[in-house]
1. Might you check whether a residue that is at pLDDT below 90, open to solvent by 20 Å² or more (accessible area, probe 1.4 Å), of a type in the set (D, E, K, R) and closer than 23 Å to residue 216 by Cα occurs anywhere in the range 133-147?
2. Filter the range 324-338 for residues that are open to solvent by 40 Å² or more (accessible area, probe 1.4 Å) and either of a type outside the set (D, E, K, R) or free of Cβ contacts under 8 Å to residues at least 12 places away in the same chain (or both); which is nearest to residue 352 (Cα to Cα)?
3. Answer with yes or no whether residue 357 is surrounded by fewer than 17 Cβ atoms within 10 Å (Cβ to Cβ) and either of a type outside the set (Lys, Arg) or at pLDDT 75 or above (or both).
4. Restricting attention to the range 93-103, does a residue exist that is assigned to a strand (DSSP E or B) and open to solvent by 20 Å² or more (accessible area, probe 1.4 Å)?
5. Quick one: which residue in 339, 332, 293, 350 is within 18 Å of residue 460 (Cα to Cα) and acidic (Asp, Glu)?
6. Can you say whether residue 504 is in contact (Cβ under 8 Å) with a residue 60 or more places away in the chain, farther than 30 Å from residue 401 by Cα and open to solvent by less than 10 Å² (accessible area, probe 1.4 Å), as far as the supplied structure shows?
7. Considering the range 441-468 alone, what residues qualify as being over 30 Å from residue 285 (Cα atoms) and without any contact (Cβ under 8 Å) to a residue 12 or more places away in the chain?
8. Is it true that residue 155 is outside any loop (DSSP other than H, G, I, E, B) and under 19 Å from residue 67 (Cα atoms)?
Amino acid sequence: LLLSNMDRKQEKKLATFKERLFTNISHEFRTPLTLILGPLDDLLQRKKLEVPVQKGLRMVQKQSKRMLRMVNQLLDFQKAEAGSLMLAPQPGEIVSFCYDIFTLFIDEAQRRNIDYTFEAEEKYLSWTFDQNKLEIIVFNMLSNAFKFTPNGESIKVAVKKNNDQFCEISVQDTGRGIHSTEIDLIFDRFYRGKEKDATTISGTGIGLSFVKELTELHGGTIVAESNGVKGSLFTVTLPPVVLNENGINFSGEQNSSQHIQTNLNSMNMQEENDQVNLEHEQPIILVVEDESDIQQYISDILSPSFKVITASNGVEGLEKALEFIPDLIVSDIMMPEMDGIELCKKLKSDKHTSHIPIILLTALSDMNHHVQGIREGADVYLPKPFNSQLLLVHIHNLINSRNTLKELYAKRVFLGSGNFEIKTFEEEFLFKLMKLVEENISNSEFNNDELANLMYMSRSTFYRKLKAVTGMSGNEFIRTARLNYAAKLLESGNYAVTEAAFEAGFNDIKYFRKRFQDQFGVNPSEYKK
């Protein structure tokens, strides 16, 4: 048992190291790419550029964006490997979406004299899908087709709704085909087919495997067909996705229940759906700036790494901060209606937003403004003109500091309300939460919604506040408290496993045993001994 625990700790340590490594590498690449793309966009907006210069700059821009997509794909691949990649579907129009990706390969097709066509039975097709992940799927399918299609051949992309009302995206080529001995292996991770006829850059061996994972994450399927002599056809089939307050529902005969059940415990779908519905893969940053050009420039700097929302003055900034509960705020000081210092003061004194790091920007060089901004709770004060790389470094450092604080607060949850020292708004917030959960610990019906109501917060605001402070959702918080309480009952020696589970609010003993094992590394019976 001791050896098993040590192995588990080593695996967790290695997984954490790999995740940090991939994240750090991605961020290191994103920073210079952002600084390349920003000035490029500025240059390309100029009307007096000569045609050869403009053409060259657009090529640099295209390849820089391609590299950015590859960096994002690398990070998503690591998340998929760790089992933490989540779907973030949104309603959209899928035909034009696929066509936009199709156009990225037009230059390549022209250069190699490939007959490159796009077909769609319907001009518009509304669908709900994760745009970032579907872009990776389609881009990889096209990259693969161009890789194995010789000059002078053909590639066709088609989008349609089939008779079962599923959306089909297919890429068909007249390349060298896939041998019957390979067709069952091409979706295996790190499998590399024979590439003697490959025309373009060779890949890493994770492309099609990753495409399959992302497709299945949508509840869909991907199929490869080939006669082994010439040509191949890859078809991705996506089921309709319904978004509702309970999360994601894949409808249709295929219903992705098998896929979901491999990732989620059916007894625990609500808490996981909370995360799918509300959690953002990228941190949210609110930019409050009244100068539209500067607002756009800051948004351009941040958007490759973060989800950016904007406001044009302090009043609007305060409203959006309370609505979205961002992970960080970048605000100007000199603004109409409410300046940045007043905004900072109001945010830091409100229990909903007190935890949010704030960066103040100003063209004023007066030290008094600097001191006043810091006194009102600003975390960083940057004078204009500011260095974009420095701004990004400050943002990453502040978010990393918040993550460290999350871990500290999460550990305090294990101590219970009786061992909690209140010094900040966040500590007072957690103390109230723990008291409420402890008072309802035996009530198996007590859940995230009731907890949010008792805290006088909306469901989404409560989720983002708790997630920002502890890294947990409401149901995770309640479950953790229940498991800790059950552990204390078992330690007393006066309770059997079943009794401790029911006293802690668990109705399903099998589910209780699994979650207890996950949290403490041993099952309840072993823990009791």
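1. Looking for residues that are at pLDDT below 90, open to solvent by 20 Å² or more (accessible area, probe 1.4 Å), of a type in the set (D, E, K, R) and closer than 23 Å to residue 216 by Cα, one finds at least one in the range 133-147, hence yes.
2. 324
3. no
4. yes
5. 350
6. yes
7. Once the filter is applied, which keeps residues that are over 30 Å from residue 285 (Cα atoms) and without any contact (Cβ under 8 Å) to a residue 12 or more places away in the chain, the range 441-468 yields only 445.
8. Spelling it out, it is not the case that residue 155 is outside any loop (DSSP other than H, G, I, E, B) and under 19 Å from residue 67 (Cα atoms).
The values are calculated or read from the model by the stated rules, or taken from the named source; none is laboratory data. Being a predicted model, the structure only gives us computed values, none of them experimental. Methodologically, a virtual Cβ is constructed for each residue, glycine included, from the backbone with ideal geometry; neighbour enumeration extends over all protein chains shown. Keep in mind that these areas ignore ligands, DNA and RNA; they rest on the heavy atoms of the full protein, side chains included. Shrake-Rupley method; radii C 1.70, N 1.55, O 1.52, S 1.80 Å.
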